[in-house]
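Read-outs throughout are calculated quantities, based only on the coordinates presented, and are distinct from any laboratory measurement. All values derive from a computational prediction rather than experimental measurement. Ideal geometry is used to build each Cβ from the backbone, glycine not excepted, and the neighbour counts take in all protein chains shown.
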Amino acid sequence: MGKKAQKMKSVTKSKTKAHKQKVKSHKKNKISKPKYRTKQRSESQDKYKKPEAPLTDYLAHKSNYIAVRFIFECGIKLGLKHITICSAAVYFHKFYKHVDANTYDNYSIASATLYLASKVHDETARLRDLINVCYHTLHRDAAPLRLAEDYWNFRDSIVHAEMLIMRILQFDTTFDHPHNYFLHYVQTLRPVFYSKHGKDIIVFKKAYDFLHDFYHSSDILQYKAQHIAIACIELAIKVYGIPSQIIDYEIQPWYQALVEDLDKDTLWKAMAAIMDTYDLELTD
């Protein structure tokens, strides 16, 4: 009986060892397969990844269109709100409406408008941070700016430019942004242009893109804020060709239910001005 018991113990031990080895090998196979799959996925993602847009060399361009792009890039780097950056762009356009474009350095004026807009919107950016961001956006490969002559010269240019801008604007920093009406119009129109496929969201995103890009043009000063907001939405609707099933354009256009003083000619002029913004970069 003792010999049989020993044989049974040895058999069970060998079985448990074999079972443990199988479990270990199964776990290894389970772990190794996803690793191989994730590698394949990452390689395929790299193949079809969109190329990044090249960084703008601002010193090679002197147009106001590129200077406003500089304002947006620096404002985003400083973490300023979108409405603050848009106000800086408006101050920039208002300033160059009254002065000769070749008299002042547009990047010094652009930096000063950012500093002024941050104060107006109670989002004051540190002057040293603004100087560093603006300087390294202009000179991308330059060494960190030390507290030396270059730093103090750039600082003085921004401070003096801010005072000059305030005098040119006659200390009037108010501006009625289209953003104040855009969201209200979108919320009103969503039930009208609602679609199960989410096309209404695409349309309104494109309309906001048009509104954002229109700040690169000085024509934004020529139209009412309500008219600009309506023009951006109408242009996006025309681009995607999504008709309204409720409002009949022949009886009454949908925008006249929201803005009574907007006629068809003014709307088309505003839409043409928005589209002309995209030609400004080509004329640089």
- Task: Taking the Cβ of R140 as the centre, find all other residues whose Cβ is under 13 Å away and add up their charges (Lys, Arg: +1; Asp, Glu: -1).
- Result: -2
- Task: Subtract the Cα-Cα distance of T56 and R190 from 0.36 nm times their separation in residues, and report this length gain in nm to one decimal.
- Result: 44.6 nm
- Task: Give, as a single signed number, the net charge of other residues whose beta carbon lies under 11 Å from the beta carbon of K81, with Lys and Arg counted +1 and Asp and Glu -1.
- Result: -2
- Query: Which pairs in the list K62/K224; K62/K97; K119/K205; K77/K238; K62/K94; K119/K269 are over 26 Å apart, alpha-carbon to alpha-carbon?
  - Reply: K62/K224; K119/K205; K77/K238; K119/K269
- Task: Note down the nm distance, to one decimal, between modelled labels 7 Å out along Cα→Cβ at A272 and at H212.
- Result: 2.8 nm
- FRET efficiency, 1/(1 + (r/R0)^6) with R0 51 Å, evaluated for D263 and K119 via beta carbons: 0.85
